[in-house]
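Inspection log for the structure reproduced underneath, given as C-alpha cells.
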Amino acid sequence: MRKLFKIQGITTALVFSAIMFALVACEGSAGPAGPAGPAGAAGADGAAGVQGPAGPAGPAGPAGESDHHDEEEHEEHSDAVLSVSPAESGGTSSMYGAGFGPGETVSITAGGRIIGGATANDDGAFAADATVTLSDGMYTATAIGSDGSEAIAPLLIASK
C-alpha cells in the first residue's frame, strides 16, 4: 500500500510539474505570424435580400391611334365581342360574335384583309365560317359592324 501511495505521489508531482512548466513557457511574447494558408472553398450563396423601394414612375407614352368610327355610334354597341378558332393557312376558322346591333352587317378582317362577313341576328349575334389564306402567325381579327360596333380577338394561323 505504501508503494502505491509513493507511485501516486510521484505521478501527481510529475503532472503538476508539467502543468507549471507549460504555464511558465506560455508567458513569453508572441512570435511572428506564419504564412497565410490556402484559400478555402467558396461557400453557398446567401438568401436574397429584401426588395428595395420602387423607382420613380416613367413618363407617359405617346397617345395611341383610334380605329373607332363615330364615338356616339360606337358607344351604342360598345359591348360587342368576337371569338375565332385557330386555323391552318387555307383552312376554315369558325367566328362568333355578339353585342352587335340587330341586323347589323359585320365585316371581319385580319392581316389587312377581309376574311369573312355575317349579318347579326335579332339578338345582335352572328356565327360564320371563313376560309383563311393568311400565312402562319398570330393576327388580330377585327369585327366591324355597319353601325359602328367593333370587337377584336386573337387569330392563330399555324401549319400542322
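Could you give me the ³J(HN,Hα) list for region 94-107, computed from phi with Karplus coefficients 6.51, -1.76, 1.60 and θ = phi - 60°, whole Hz, x at Gly and Pro?
For region 94-107, the Karplus curve yields 8, 10, 10, x, 8, x, 8, x, x, x, 5, 7, 10, 9 Hz.
Which stretch or stretches of region 110-136 have amide N atoms under 11 Å from the point lying 7 Å from Ser94's Cα along the Cα→Cβ direction?
Residues 128-129 qualify, since their backbone N sits under 11 Å from the label point.
At 7 Å along the Cα-to-beta-carbon direction for both Met138 and Asp123, put a label point, then send me their distance in nm to one decimal.
3.1
Counting only residues 5 or more places away or on other chains, whose amide H sits under 5 Å from the amide H of Gly116 once H atoms are built in the peptide plane?
Residues meeting the amide H criterion: Ile108.
Grab the Cα-Cα distance for Ala41 and Ser29, subtract it from 0.36 nm times how many residues apart they are, and report the gain in nm with one decimal.
Additional length available on full extension: 1.0 nm.
Would you grab the residues whose amide H sits under 5 Å from the one on Gly124? Only those 5+ places off in sequence or on another chain, please, with H modelled 1.01 Å from N.
Gly103
Taking the mean number of other Cβ atoms within 10 Å as a proxy for protection, how do you rank 85-98, 32-45, 126-139 from highest to lowest?
85-98, 126-139, 32-45
Given +1 on the Cβ of Lys and Arg, -1 on the Cβ of Asp and Glu, and no further charges, what dipole in debye does region 77-157 carry about its Cα centre, rounded to the nearest 20?
240
Bear in mind that the values in this text are calculations on the coordinates, not laboratory data. Bear in mind the structure is a predicted one, so any value in this text is a computation, not a measurement. With ideal geometry, Cβ positions are generated from the backbone for all residues, glycine too; neighbour counts draw on all protein chains shown.
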